[in-house]
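Chemist: Before anything else, here's the structure in question.
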Amino acid sequence: MCNWEDAAEFILAGASAVQVGTMLFADAGAPKRIARGLTKWAAKQGVSDVSQLTGGVILP
């Protein structure tokens, strides 16, 4: 995973946690940026917590 958008996709697919550990080798600031991005995204979706979006994709 490289950014908050990647994390959001996993969350919408049902993940309750996402792995960012390996990204620390390339960019130590990535986890903070991902967390900030997810927080802003959740607010735009009208929820106060990212966990409220877990499994948010409904397939036909």
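Chemist: Considering the range 21-52 alone, what residues qualify as being of a type in the set (A, V, I, L, M, F, W, C) and not in a helix (DSSP H, G or I)? Before the answer, list the steps.
Modeler: Kept after step one, since they are of a type in the set (A, V, I, L, M, F, W, C), are these residues of the range 21-52: 23-26, 28, 30, 34-35, 38, 41-43, 47, 50.
Within the range 21-52, ALA28, VAL47 meet the criteria.
Chemist: Of the numbered conditions (1) surrounded by fewer than 10 Cβ atoms within 10 Å (Cβ to Cβ); (2) in a loop (DSSP other than H, G, I, E, B); (3) modelled with pLDDT of 90 or more, GLY55 fails exactly one; give the number of that condition.
Modeler: (1)
Chemist: Residue check: is VAL47 closer than 15 Å to ALA7 by Cα, of a type in the set (Val, Ile, Thr) and without any contact (Cβ under 8 Å) to a residue 60 or more places away in the chain?
Modeler: Spelling it out, it is not the case that VAL47 is closer than 15 Å to ALA7 by Cα, of a type in the set (Val, Ile, Thr) and without any contact (Cβ under 8 Å) to a residue 60 or more places away in the chain.
Chemist: Let me ask you something else. Restricting attention to the range 11-20, does a residue exist that is part of a helix (DSSP H, G or I) and free of Cβ contacts under 8 Å to residues at least 24 places away in the same chain?
Modeler: No: zero hits.
Chemist: Considering only residues that are surrounded by 12 or more Cβ atoms within 10 Å (Cβ to Cβ) and of a type in the set (A, V, I, L, M), which ones fall in the range 14-42?
Modeler: ALA15, VAL18, VAL20, MET23, ALA30, ILE34, ALA35, LEU38, ALA42
The values are calculated or read from the model by the stated rules, or taken from the named source; none is laboratory data. The model shown is predicted, which means the values in this text are computed figures rather than measured ones. Glycine also receives a Cβ, built like all others from the backbone with ideal geometry; neighbour counts cover every protein chain displayed.
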